[in-house]
Structure formats: structure tokens, C-alpha cells
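Remarks on the structure that follows.
The values are calculated or read from the model by the stated rules, or taken from the named source; none is laboratory data. Keep in mind that this is a model prediction, so the values were computed, not measured. Ideal geometry is used to build each Cβ from the backbone, glycine not excepted, and the neighbour counts take in all protein chains shown. The protein model used for the area step is the full one, side chains on, heavy atoms only, and it has no ligands, DNA or RNA in it. Shrake-Rupley method; radii C 1.70, N 1.55, O 1.52, S 1.80 Å.
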Amino acid sequence: MRPQPRRALRIALAAALVAAPLTVAATSAAQAAPEAAASVRLKGAGLDDPHKKDIAMQLVSSAENSSLDWKAQYKYIEDIGDGRGYTAGIIGFCSGTGDMLELVQHYTDLNPGNVLAKYLPALKKVNGSDSHAGLGTAFTKDWAAAAKDPAFQQAQNDERDRVYFNPAVNQAKADGLRALGQFAYYDAIVMHGPGDSSDSFGGIRAAAMKKARTPAQGGDEATYLKAFLAARKVAMKKEAAHSDTSRVDTEQLVFLNAGNFDLNPPLKWKVYGDSYSIDG
């Protein structure tokens, strides 16, 4: 077992996730300097390039699942004892924070009558708690069965993008950050959730901007990213489950110190002492 849970913890509840795909602070900042953001010409492919996006998913999976095979995680589900009920799927949807509920609702829109649709009432009742009431072993078995359905895989991809990936990448681009910075934002929002508290993505970004200007504001990209990663480490250490900061120290900072702002392979890194590489 890892010193941390295999899946990222969720800070914000579903209402915040759905109502505010970008944090208030992040949205305001992006709108405050449109001319500066527009003046930054981003070179290289962004994280939304299909190949770069796959790299991002492998990087996250190395930390969350000790594996680069992120597509094997559609079927993943367990209670990791973090007070958020079941954690499942490619990005750690949680029964206690509402994003799992939103996922199953979306899946039911895509495929009415699916094997998980019958659990919607139970998921609504357990939202905000760590309860398994109305779920249990039957639910976990049906989750694994549903993971074979392309519609469920698509639903997981859609919710990942809507709640986490797109908001992070869009904000990073507005801040003038290339693929590495876009990944730093994405990994942070996956772990800490959106929001404006000091231990959320918005709070981490706000803390970094007090120390350094973004490229869109005329700042140096490396200096700003170092400030962002330092602020993230402060937030991580507030929770025992996040106290191992190797996904920053021996992953993202390795790429940053190498000047690999475009996150181009070959990539070599470590997470929790384990070594990984992507050659192409």
C-alpha cells in the first residue's frame, strides 16, 4: 500500500464542481487581463493535443494507480477510507462528493436503463457522506461490469473533461502557460478540486500569483511555475494523505528544471519512489 490513497482526495462538493467549472478567482483573473493573455504566443502543442493528453493521463495514473495504463482504471472502485465513500474510475469519482452521482446521471443520459441507473437514488442519499447505504458489493460489481460499456467509458471521459481537464487547461492557457504548466494545473485540480479556499486549486493559484506574475502578466514562466508548485506543496502538506509531495518534487519539478515546458518525451520521473518513463 502507498503512504497515500491511490486516488486523489476531493475538497469541493458536487455543487461547487458543477456550478463553477472555473473558480471565481481564476475566472476573474483570466478576464482581468485579456490583452496580456492574447499577447502570449504559446509554442508547441497544448495539453489538449491528443498525444499530450494521453501523456497527462499516464502521469496522473502513475501517481494515482502506480501504473501508466490509465485506461485500465475505468473499472476501478474501492473505499480508500478518506471519508468520501467509494472512489472510482479514471479520475477518482467519489460517491461522497457528488461527481460520481453526476457521472452516473450522464451515463444514464447516454445509455438509459444501464446497470448503474438503479443506484441513482442511493447515490443521491449518500452524497456528502461516506455511507455505502444502498450500494455495497452489488454496486461495485455492477460498476466493474459497466466499465466494459463504451458508453460508460465515454461518460467518464466527458466528466473528466468537463469538471477537471478543460477548466485547468483553459485557465493555464489564459495564464500563458505551455503544456507543462497546463499539466501542473490539471494535476492540482484533480487532487485538490476547484474552489477558492487555500487548499483548493483556486487558492493555490492565488497564492502563487502573490509571489510571481504569470506569463500573461509579463512574468517568467519558470519563475511562476516554481511559485505555483511551491504553493501546491504547502496545500498538500495540510493533509496527511498528501504529505508525500513526490509527484511535485520528483515529477513536475524534474520536467521544469530540465526546461521541458512543452512536456515532450522522453520523460523520466519518480512517484513515491517508483520510476516511470514515456519514450515517445
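Tell me, yes or no, whether the stretch 78-97 has at least one residue that is out of contact with any Phe, Trp or Tyr (no Cβ under 6 Å at 6 or more places or on another chain), surrounded by fewer than 18 Cβ atoms within 10 Å (Cβ to Cβ) and at pLDDT below 90.
yes
Among the residues of the stretch 145-168, which ones are open to solvent by 20 Å² or more (accessible area, probe 1.4 Å) and either of a type in the set (Lys, Arg) or farther than 14 Å from Val104 by Cβ (or both)? Lay out the reasoning, then the answer.
Start the filter on the stretch 145-168 by keeping residues that are open to solvent by 20 Å² or more (accessible area, probe 1.4 Å), which leaves 145, 148-151, 153-154, 157-158, 161-162, 166.
Matches in the stretch 145-168: Lys148, Pro150, Asn157, Asp161, Arg162, Asn166.
If Leu101 satisfies every condition in (1) closer than 19 Å to Arg160 by Cβ; (2) surrounded by fewer than 24 Cβ atoms within 10 Å (Cβ to Cβ); (3) in contact with a Phe, Trp or Tyr (Cβ under 8 Å, 6 or more places away or on another chain); (4) aliphatic (A, V, I, L, M) but one, which is the exception?
Answer for Leu101: the failing condition is (3).
I'd like the full set of residues that are of a type in the set (Asp, Glu) and under 13 Å from the mean Cα position of the chain (by Cα), limited to the stretch 159-203. Spell out the reasoning first.
Of the stretch 159-203, the ones of a type in the set (Asp, Glu) are 159, 161, 175, 187, 196, 199.
Correct list: Glu159, Asp161, Asp187.
Leu177 - would you say it is of a type outside the set (Asp, Glu) and either surrounded by fewer than 20 Cβ atoms within 10 Å (Cβ to Cβ) or in a helix (DSSP H, G or I) (or both)? Spell out how you get there, then give the answer.
Numbers: of a type outside the set (Asp, Glu): yes; either surrounded by fewer than 20 Cβ atoms within 10 Å (Cβ to Cβ) or in a helix (DSSP H, G or I) (or both): no.
Answer is no for this residue.
What pairs can you find where one residue is in the stretch 111-128 and over 13 Å from Thr140 (Cβ atoms), the other is among the aliphatic types (A, V, I, L, M) and not in a helix (DSSP H, G or I), and their Cβ atoms are less than 7 Å apart, with a gap of 6+ or different chains?
Final answer for the pair search is Lys125/Ala133; Val126/Ala133; Val126/Leu135; Gly128/Leu13.
For the stretch 201-214, which residues satisfy the criterion of being farther than 15 Å from Ala184 by Cα and open to solvent by less than 50 Å² (accessible area, probe 1.4 Å)? Walk me through how you get there before you give the answer.
The initial filter retains those residues of the stretch 201-214 that are farther than 15 Å from Ala184 by Cα, namely 210-213.
Residue satisfying the conditions is Ala212 alone.
Scanning the stretch 239-273 for residues that are open to solvent by 50 Å² or more (accessible area, probe 1.4 Å) and in contact (Cβ under 8 Å) with a residue 40 or more places away in the chain, which turns out farthest from the chain's Cα centre (by Cα)?
Only one residue tops the list, namely Asn264.
Which one of the conditions (1) open to solvent by less than 50 Å² (accessible area, probe 1.4 Å); (2) at pLDDT below 50; (3) not small (Gly, Ala, Ser) does Pro21 fail to meet, given that it meets all the rest?
Unmet for Pro21, out of (1) open to solvent by less than 50 Å² (accessible area, probe 1.4 Å); (2) at pLDDT below 50; (3) not small (Gly, Ala, Ser): (1).
Grab the helices (runs of 4 or more DSSP H) fully contained in the stretch 187-280, keeping just those with 1 or more residues being touching a Leu at 6+ places or on another chain (Cβ under 7 Å). Give the derivation first.
Values: elements: 201-211, 221-236, 253-257.
Qualifying helices (runs of 4 or more DSSP H): 221-236, 253-257.
Okay, residues lined up against (1) within 22 Å of Leu59 (Cβ to Cβ); (2) part of a strand (DSSP E or B); (3) at pLDDT 95 or above; (4) touching a strand residue (DSSP E or B) at 6+ places or on another chain (Cβ under 7 Å):
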| position | (1), (2), (3), (4) |
| --- | --- |
| Lys75 | yes, no, yes, no |
| Met100 | no, no, yes, yes |
| Gln105 | no, no, yes, no |
| Thr137 | no, no, yes, no |
| Lys141 | no, no, yes, no |
| Phe152 | no, no, yes, no |
| Asp161 | yes, no, yes, no |
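Ala222 passes all but one of (1) open to solvent by less than 10 Å² (accessible area, probe 1.4 Å); (2) more than 23 Å from Gly81 (Cα to Cα); which number fails?
So the condition that Ala222 fails would be (1).
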